[in-house]
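**Student:** Sending over a structure as structure tokens; questions will come in a sec.
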Amino acid sequence: MLESALPSNRPAPAPDAALAVRQNSLSTLGRHYPHRKWAFMLGLMLALSLGLSFVFCRGCALWSEDFLVTFGYNFFYTTGLWLANGFPSEWLNRRVDWTIQPIKRFLITLAMSLVLSLIVIFIVTTGFNVLHHHQSWRSITWRPFVVPLLITVVVSLFMHSRSFLLSWRDATTQAERLQKENAQAQADSLRRQLDPHFLFNSLNALTSLIEENDPARATRFIRQLSQVYRYVLESQDQEVVPLAEEMRFVEAYLFLQRTRLGEGVQVEIRVPAAALETLLVPALAVQLLLENALKHNATSQRDPLRIQIELNETARALTVRNTRRPRRLPDGESTGLGLKNLRARYAFLTSQPVRVEESATEFGVVLPVLELR
């Protein structure tokens, strides 16, 4: 039988968390330890305000009233502008991606930055003029807001430009990583299909047919074996294949397994013929799930392994489901990489995930299918 790298009908473990930490350590730190991020930013605002106070109040005595007023003015300005530009940026990152809609994101960013910064400048300036300088709020004109607003816009554009470059870098890094994982998964699939165990088991089954003096079945067996290897070789450079080609390969593969296992395995296929030519799947994706079911479950004439392949055209999903007949495997025979590699291949093609549906009696995997446009 083919050697499988799929786990024993269990979802593969999540990718190594250390990789995500290395790629975006500051974001991860802020997400898992928000109080540290707040403390760091608050300390930074205090230090910046203190430095500005020494610059703008050089003739003031330390901790005098003028110095404290200048410090308070700077602190409320810097903290308010940080909040007005930092939180909207994080909020926009979750809703409008720089790499997908850069013009829309730029215009929204510029508008929010101007409006929120103007509100902060108005509140701080008016508050100090009214509360400290005892001026009437009606006497306040728009001129004091012009210079702070221009400075804020320049700083804000710098911050959001940095956010754009970081997002673009992360997207490029992720695309390269997914492309590498996809190529690795395809190479791994090809290596497994040409594994000597599969050829050895197939030749044993062919020998039995010859000894039983069944030339018709032996001839068909050779043709189906040839079709399996031809499909593997021809599909190794293709990211996706028509569902029709994949199902023809599955039929050939199942014929070889039924010849060897007899009535110990029963497969039901519910895939409308009309949908085969217009839908696409990654090459060898369905076979990997069949191989997983055959490897990790026992088969017998009395209690056969039942496998169902069903296409939901409305949901654009192909489900491969099998009954549970678990059998013990030698240590090290299952590496647990097959489903992980399959998910990596799908992540390179679509945002729709590969789903695992399991119960005490059944195990199923739902594969998204792509539509040919």
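The values are calculated or read from the model by the stated rules, or taken from the named source; none is laboratory data. Here the structure is a predicted model, which is why all the values come from computation and not from measurement. Every residue, glycine as well, gets a Cβ built from its backbone with ideal geometry; the counts of neighbours run over all protein chains shown. When the accessible area is computed, the model is the full protein with side chains, heavy atoms only, and any ligands, DNA or RNA have been set aside. Shrake-Rupley method; radii C 1.70, N 1.55, O 1.52, S 1.80 Å.
**Student:** For the stretch 113-123, how many residues are open to solvent by 60 Å² or more (accessible area, probe 1.4 Å) and under 39 Å from the mean Cα position of the chain (by Cα)?
**Tutor:** Let us first name the residues in the stretch 113-123 that are open to solvent by 60 Å² or more (accessible area, probe 1.4 Å), namely 114-115, 118-119, 122-123.
Narrowing further to those that are under 39 Å from the mean Cα position of the chain (by Cα): 114-115, 118-119.
Count: 4.
**Student:** Counting only residues that are surrounded by 16 or more Cβ atoms within 10 Å (Cβ to Cβ) and in contact with a Ser or Thr (Cβ under 7 Å, 6 or more places away or on another chain), give me the strands (runs of 3 or more DSSP E) lying completely in the stretch 262-335 with at least 2 of them.
**Tutor:** Filter on the stretch 262-335 gives 305-312.
**Student:** Something else about it: When you scan the stretch 201-212, do you find a residue that is under 34 Å from the mean Cα position of the chain (by Cα) and either more than 24 Å from residue 364 (Cα to Cα) or open to solvent by 70 Å² or more (accessible area, probe 1.4 Å) (or both), even just one? Write out each step before concluding.
**Tutor:** Let us first name the residues in the stretch 201-212 that are under 34 Å from the mean Cα position of the chain (by Cα), namely none.
So far as the stretch 201-212 goes, no, none of its residues is under 34 Å from the mean Cα position of the chain (by Cα) and either more than 24 Å from residue 364 (Cα to Cα) or open to solvent by 70 Å² or more (accessible area, probe 1.4 Å) (or both).
A quick yes/no check of all residues on (1) open to solvent by less than 30 Å² (accessible area, probe 1.4 Å); (2) without any contact (Cβ under 8 Å) to a residue 12 or more places away in the chain; (3) assigned to a helix (DSSP H, G or I); (4) farther than 23 Å from residue 54 by Cα:
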| residue | (1), (2), (3), (4) |
| --- | --- |
| 74 | yes, no, yes, no |
| 77 | yes, no, yes, no |
| 90 | no, yes, yes, yes |
| 95 | no, yes, no, yes |
| 108 | no, no, yes, yes |
| 111 | no, yes, yes, yes |
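**Student:** Report yes if residue 55 is open to solvent by 40 Å² or more (accessible area, probe 1.4 Å) and at pLDDT below 50, otherwise no.
**Tutor:** no
**Student:** Read through the list (1) part of a helix (DSSP H, G or I); (2) of a type in the set (Phe, Trp, Tyr); (3) without any contact (Cβ under 8 Å) to a residue 40 or more places away in the chain, then give the number of the only condition that residue 63 fails.
**Tutor:** (1)
**Student:** I would also like to ask the following. What residue, of 250, 241, is in contact (Cβ under 8 Å) with a residue 12 or more places away in the chain, under 29 Å from the mean Cα position of the chain (by Cα) and in a strand (DSSP E or B)?
**Tutor:** Exactly one residue qualifies, and that residue is 241.
**Student:** If you scan the stretch 345-362, which residues turn out to be at pLDDT 80 or above, open to solvent by 10 Å² or more (accessible area, probe 1.4 Å) and farther than 14 Å from residue 315 by Cα?
**Tutor:** 347, 349, 350, 351, 356, 357, 358, 359, 360, 361, 362
**Student:** Same structure, new question: Residue check: is residue 164 part of a helix (DSSP H, G or I), at pLDDT below 75 and surrounded by 14 or more Cβ atoms within 10 Å (Cβ to Cβ)?
**Tutor:** Spelling it out, residue 164 is indeed part of a helix (DSSP H, G or I), at pLDDT below 75 and surrounded by 14 or more Cβ atoms within 10 Å (Cβ to Cβ).
**Student:** Out of 282, 353, I need the residue that is in contact with a Phe, Trp or Tyr (Cβ under 9 Å, 6 or more places away or on another chain) and more than 28 Å from residue 201 (Cβ to Cβ). Which one?
**Tutor:** Just one listed residue meets the conditions, 353.
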